[in-house]
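The values are calculated or read from the model by the stated rules, or taken from the named source; none is laboratory data. On a predicted model such as this, the values are computed, not experimentally measured, just so you know. Here the Cβ is made from the backbone with ideal geometry for all residues, glycine too, and neighbour counts use every protein chain on show. Each accessible area value is taken on the protein alone, full model and side chains, heavy atoms only, with ligands, DNA and RNA left out. Shrake-Rupley method; radii C 1.70, N 1.55, O 1.52, S 1.80 Å.
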Amino acid sequence: MTMLEPVRKSVIVASSRRKAFDVFTAGFDTWWPRSHHIGNAPMLAAYIEGRPGGRCYTTQTDGTESDWGEVVLWDPPHRFVMAWKITADWKYQPDVAQSSEVEVTFTDGETVARASIWSIATSSAWVQAERACEKE
Amino acid sequence: METYHSQLDALGDPTRRAILERLLAEGPLPVSQIASQFPVSRPAISQHLRTLKDADLVTDRPQGARRVYAINPEAFVALREYFDRFWTVALQEFQKQVERKVQ
């Protein structure tokens with residue numbers, strides 16, 4: 001059914017693919033909408049650790065860290081996949097097999113890169129992540 | 001925004017998500033048939049259906065002596081649009097940041 005199909009988005013940026021990849025991942029904190037996180041206190045920073053099995057997490061003003069995902073595929077500067085590891089009751093759950101995925105691919109021309117994002121909504125973990133983010 | 005919140009709340013339960021997936025796959029079903037598929041009591045299923053109905057995710061109509069539940073496609077379209085908008089905004093921020101760093 002179309003209504004539960006993955007959300008697919010893409011954007012073209014005036015940059016090299018390498019730069020686009022680095023800003024998306026290492027620079028995640030510089031652009032991620034700050035209202036969207038699962039911590040219980042205001043967010044300080046958001047991180048994606050650039051390696052297979054890398055943590056995706058935020059830090060909060062109360063000194064806590066909140067994991068929300070894990071890098072399951074790391075192929076710079078082409079593609080990476082994150083598992084959204086948030087359950088129905090807003091809790092972190094470590095099992096990648098039960099997570100939704102967000103896949104981001106980067107392609108390039110002369111001076112532009114295209115970042116395509118592909119988030120799997122079918123298991124509704126994405127929905128859960130969004131709901132959790134709305135808390136703040 | 002309130003509708004989204006109640007919908008997201010309603011989706012925050014694995015049994016309710018399973019009910020929705022079943023209604024998506026099989027079309028409208030009476031409560032008895034939905035309940036027979038789950039290891040929870042029929043009153044519990046009725047409660048879940050009420051929550052889903054309050055969030056506009058399902059609709060119900062009488063059919064003879066029983067009530068038949070169905071997915072409300074409009075709600076799902078709205079929810080999808082919400083995620084779509086979220087990613088649009090996030091990617092715009094990403095684009096601004098990339099292009100700022102290039103200059």
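Quick one: among B:29, B:49, B:20, which has the greatest mean-square fluctuation in a GNM of chain B with alpha-carbon springs under 10 angstrom? The residue with the greatest mean-square fluctuation here is B:29. Per residue, the solvent-accessible area of region B:2-102 (1.4 Å probe, heavy atoms of protein chains only, all protein chains present) comes to 51 Å².
For residue B:85, the solvent-accessible surface computed with a 1.4 Å probe is close to 130 Å², ligands and nucleic acids excluded. Placing R0 at 45 angstrom, the Cβ-Cβ distance between residue B:41 and residue A:29 gives a FRET efficiency of 0.45 after rounding to 0.05. Taking both sides together, the accessible area buried where B meets A is about 3200 Å² for a 1.4 Å probe.
Quick one: helix B:14-26 against the long Cα principal axis of chain B, what's the angle to the nearest 10°, folded into 0 to 90? The angle comes out at about 80 degrees. Extent along the principal axes, Cα only, for region B:2-102: 66, 25, 24 Å, with the longest axis given first.
Rounded to the nearest 10 square angstrom, residue A:108 shows an accessible area of 80 square angstrom against a 1.4 Å probe.
Take each residue of peptide A:7-16, count the partner chain Cβ atoms within 10 Å of its Cβ, and average: the result is 5.
The charge dipole of chain B, taken about its Cα centre with unit charges on the Cβ atoms of Lys, Arg (+1), Asp and Glu (-1) only, comes to about 200 debye.
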